[in-house]
Amino acid sequence: MAIELVPLPLPASADASKFAQFGREVKGVNPGSLSESEFEQVKEALYKHDALLFRNAELTPEQQYALTKAFDPASESYGHGNNKTEGTKKSILHPDLKTIPRVPQVQLIGNGTVYNHEGLAEAMLKHPSHTTFHKTRVSPEEEANGFTRFYRWHIDAALYDLSPPKVTTLYGITIPKGEPQTVRYDDGTGDELPVPLGTTAFVSGKTMFDILPSELKSLAVRSKVKYAPHPYVWMAPARALSTGLGIESDGHELPFEELPPWEESRRKTLPVVWKNPVTGDLHFQVHPCGIAELLVDPLPEGAKRDGALYPDGAHLTDLKEVRDILYKMQRPAIAPKLIYPHDWHEKDLVLFHNRGVLHTVVGAFTKDQVRAFHQCNLAASDDPVGPTPEDVKKWA
């Protein structure tokens, strides 16, 4: 049977015109045993559509690792360093991940206690919730009535030393049933989004770039972001905005001198927009929680200066200023109509282009709601490629 690509079912909240190319269900193949030809078709489809869904997939941890590695054969270690999470329990990632012993590149994530699972006698899992990460929270009474928030919009990446993974694979094993929830943005806009319980929400980095006004497109193609060293340790004492799109600038981040040992040469400086290797499209790909500095190139020769931001270039180190600029650029793309909230079923396998989308955990579970997923992403063998000189001239 030939590979068949079917558009993903969109919720009523989504603007279908913005999802014409985003997301496909893949039918007709077994993702755990793809032939070389089938894999090449899947790889091209992932870069064209950014998220692929396989229903009723049978997938061992070994097969999931092999599938993930096939996108970048030179990659090897888990995207955050084989779950060392930077060697410290101070990292905000530490409670969220349990390593599959025989396949350390695959992580067990979810909620509740899982027994006798792939070599783990007992694993206590905790679904990350906005209640411990945001500066403010939905009250317990409102939460009981189904209101919740996005947890943290992000790219899967260590953001220090290791290069951002090209693809993440998520495999749903145990999916608790429950009532839908309503995400509140609580940012004064009144925005809300109905979501399935425990959804993973995705936004397109391409759409994030495409909808920017011209002056912000110009800024995006001329800019690079410099991330903090050991960013998940650095940000741990801080608290996030109510939209989950970055950190409040209250000065609670750990001083650099209090972080685990780090080297300036290992800090990551990455383009604000990353070029799709198949389509050539530009994707706005910034992890808003880990940013520390913004470096802006001058306008190219011949570009119009009227209305241009930082026409002569800039190096911005004021954390609030950097965050405010990037929030202004990213917030429009998390509007309810631009979000795909996946409705998980058991044995769903989702592959997403980690260099083309942002995503977030959503919602909350009770302690007795058991949820188990296998997640795999691998630190890439190279850094993302930014805009070409032609792209800069076109958009700047």
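The values are calculated or read from the model by the stated rules, or taken from the named source; none is laboratory data. Note that the coordinates shown come from a computational prediction; the quantities given were computed from them, not determined experimentally. Cβ coordinates were reconstructed from backbone atoms using ideal geometry, including for glycine residues, and neighbour counts include every protein chain displayed.
Working only within segment 107-156, note down all residues that are outside any loop (DSSP other than H, G, I, E, B), among the polar types (S, T, N, Q) and either buried (at least 18 other Cβ atoms within 10 Å of the Cβ) or not assigned by TED's automatic domain parsing to the domain that holds GLU346 (or both). Correct list: GLN107, ASN111, THR148.
If you go through segment 273-289 and keep only what is part of a loop (DSSP other than H, G, I, E, B), over 19 Å from TYR232 (Cα atoms) and either in contact with a His (Cβ under 6 Å, 6 or more places away or on another chain) or touching a residue at least 60 places away in the same chain (Cβ under 8 Å) (or both), you end up with ASN276, PRO277, VAL278, THR279, ASP281. Of all residue pairs spaced 6 or more apart or on separate chains, those with beta-carbon atoms under 6 Å, a first member in segment 107-126 that is within 17 Å of PRO61 (Cα to Cα) and among the β-branched types (Val, Ile, Thr) and a second member that is assigned to a strand (DSSP E or B) and modelled with pLDDT under 95 are VAL114/ALA123. Mind listing whichever residues of segment 101-141 are closer than 19 Å to ASN377 by Cβ and over 22 Å from the mean Cα position of the chain (by Cα)? If the condition is that a residue be closer than 19 Å to ASN377 by Cβ and over 22 Å from the mean Cα position of the chain (by Cα), then PRO101, ARG102, VAL103, GLU118 are the ones that fit. One residue stands out in segment 290-333 among those that are over 29 Å from the mean Cα position of the chain (by Cα), crowded, with 17+ Cβ neighbours inside 10 Å and touching a residue at least 60 places away in the same chain (Cβ under 8 Å): the one that is nearest to GLU215 (Cα to Cα), namely ALA308.
Okay, residues lined up against (1) out of contact with any strand residue (DSSP E or B) (no Cβ under 7 Å at 6 or more places or on another chain); (2) over 29 Å from GLU143 (Cβ atoms); (3) in a strand (DSSP E or B):
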site: ARG305; (1), (2), (3): yes, yes, no
site: LYS337; (1), (2), (3): yes, no, no
site: PHE365; (1), (2), (3): no, no, no
site: HIS374; (1), (2), (3): no, no, yes
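Given the structure, is ALA335 in contact with an Asp or Glu (Cβ under 8 Å, 6 or more places away or on another chain) and over 20 Å from VAL167 (Cα atoms)? Yes: the conditions hold for ALA335.
The one condition from (1) assigned to a loop (DSSP other than H, G, I, E, B); (2) surrounded by fewer than 19 Cβ atoms within 10 Å (Cβ to Cβ); (3) at pLDDT 95 or above that LYS89 does not meet is (3).
If you go through segment 29-50 and keep only what is within 18 Å of ASN276 (Cα to Cα) and either of a type in the set (S, T, N, Q) or in a loop (DSSP other than H, G, I, E, B) (or both), you end up with GLN41, ASP50. Scan segment 1-28 for residues that are over 26 Å from GLY280 (Cβ atoms) and in a loop (DSSP other than H, G, I, E, B) and the total you get is 7. Would you tally the residues in segment 201-217 being crowded, with 24+ Cβ neighbours inside 10 Å and polar (S, T, N, Q)? Total meeting the criteria: 1.
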